[in-house]
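Heads up: the structure comes next, in structure tokens.
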Amino acid sequence: MKISDRTLKLAAIGTLAGVFSGLFGVGGGTVIVPLLIFWLAYGERLATGTSLAAIVVIGLFGTLAQGAYGNVHLGTGLALSIPAIGGVLLGTAIQQRIPQRAVSLLFAALLIAVAVELIVP
């Protein structure tokens, strides 16, 4: 049985997202979204929604793995989750109302700002 190119790309994206999630607590927006766009020609909106679906499972297993090492403060995680629900609803509503190119440019600006923040002390 031959594994399709698409399946291999999805496996690579998932593996990278898992590694980045375990190492840095990120993976969806920084790994899954760009690779779904570049490798599988997803639109920005479809890539974002698909990434969020994957993060549910990745986040659960990542939390369990990090928790096994004592690296999870559940109360803080829950406190962050409550306002994040409102944030994701607001962000999704905004994303649906602005041009897809604007979403891409905003995302690129965010990645650049984060990179600069990590490099410049």
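The values are calculated or read from the model by the stated rules, or taken from the named source; none is laboratory data. Worth saying up front: this structure is predicted, and the values here are computed from it rather than measured. No Cβ is skipped: glycine too gets one built from the backbone with ideal geometry, and neighbour counts run over all protein chains shown. Areas reflect the complete protein model, heavy atoms only, side chains present, ligands, DNA and RNA absent. Shrake-Rupley method; radii C 1.70, N 1.55, O 1.52, S 1.80 Å.
Can you bin region 57-116 into rounded, prolate or oblate? Criterion: square roots of the alpha carbon gyration tensor eigenvalues sorted a ≥ b ≥ c, rounded for a/c under 1.5, prolate for a/b above b/c, oblate for the rest. Prolate is the answer for region 57-116, as a/c is 1.5 or above and a/b outweighs b/c. The calculated 222 nm mean residue ellipticity attributable to helices in the chain amounts to -27500 deg cm²/dmol, summing -39500 (n - 2.57) over DSSP H runs of n ≥ 4 and dividing by all residues.
For the chain, what does the accessible surface come to per residue with a 1.4 Å probe? Please give it in Å². Numbers along the way, then the final one.
Working: 8590 Å² over 121 residues.
Result: 71 Å² per residue.
Please name which of 104, 83, 29 has its Cα lying farthest along the dipole of the chain towards the positive end, using unit charges on Cβ (Lys, Arg +1; Asp, Glu -1) and the Cα centre as origin. Of the listed residues, the answer is 104.
I'd like the distance between the alpha-carbon centres of region 43-77 and region 1-33, rounded to an integer number of Å. Here the two parts' Cα centres lie 13 Å apart. For the pair residue 46 and residue 100, label points projected 7 Å from Cα toward Cβ lie 0.8 nm apart. Using heavy atoms of the protein chains and a probe of 1.4 Å, the accessible area assigned to residue 107 is about 50 Å².
Heavy-atom accessible area for residue 15, with the other protein chains in place and a 1.4 Å probe, reaches approximately 90 Å². Here the spin labels are modelled as points 7 Å beyond Cα on the Cα-Cβ line, and at residue 24 and residue 9 they lie 2.2 nm apart.
Residues whose amide H lies under 5 Å from that of residue 42, counting only those 5 or more places away or on a different chain, are 37; hydrogens are built 1.01 Å from N in the peptide plane. Scanning the chain for DSSP H helices at least 15 Å long along the axis (C-alpha atoms) with a Kyte-Doolittle mean no lower than 0.5 picks out 5-24, 44-68, 74-97, 100-119.
A simple spin-label model places pseudo-atoms 7 Å from Cα toward Cβ; at residue 90 and residue 64 they are separated by 3.3 nm.
Indicate the gyration tensor shape class of region 1-106 (rounded, prolate or oblate), computed on the Cα atoms with a ≥ b ≥ c the square roots of the eigenvalues: a/c under 1.5 is rounded; otherwise a/b larger than b/c is prolate and the rest oblate. Oblate is the answer for region 1-106, as a/c is 1.5 or above yet b/c matches or exceeds a/b.
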